[in-house]
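Below is one structure, written out as structure tokens; comments come after it.
The values are calculated or read from the model by the stated rules, or taken from the named source; none is laboratory data. All values derive from a computational prediction rather than experimental measurement. Each accessible area value is taken on the protein alone, full model and side chains, heavy atoms only, with ligands, DNA and RNA left out. Shrake-Rupley method; radii C 1.70, N 1.55, O 1.52, S 1.80 Å.
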Amino acid sequence: MGAMTALFGGDRSDAISSKSEKLTSPTDSKVITPTNPGNFNSIRTTPVLDSPRYFNKEEADALKDLAKEKTDGAKQAKRAYNATGRN
């Protein structure tokens, strides 16, 4: 007898699927899921969007600047690491 058979009972697929649906169902409506990310405003640095949308020009420009800053930082870190002679 296998572990799955012992847990879910029998080798009937309907017995397994009905029990697995119960096991994976949330116990509360506030359970964190991909569609219900929870409320972590005190620790989030960026707000969560309820629905997808396009960026406006200011947001797009800010993201481009941030990407350039992060890329430059990564290049400098790589250059500094290579300067130590440990590569």
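Note on TYR81: accessible area is roughly 120 Å² with a 1.4 Å probe, heavy atoms of protein only. Computed on protein heavy atoms with a 1.4 Å probe, the accessible areas place THR27, THR71 in the order THR27, THR71, largest first.
You can think of it this way: the chain between GLU69 and MET4 has 18.3 nm of extra reach, that is 0.36 nm per residue less the Cα-Cα gap.
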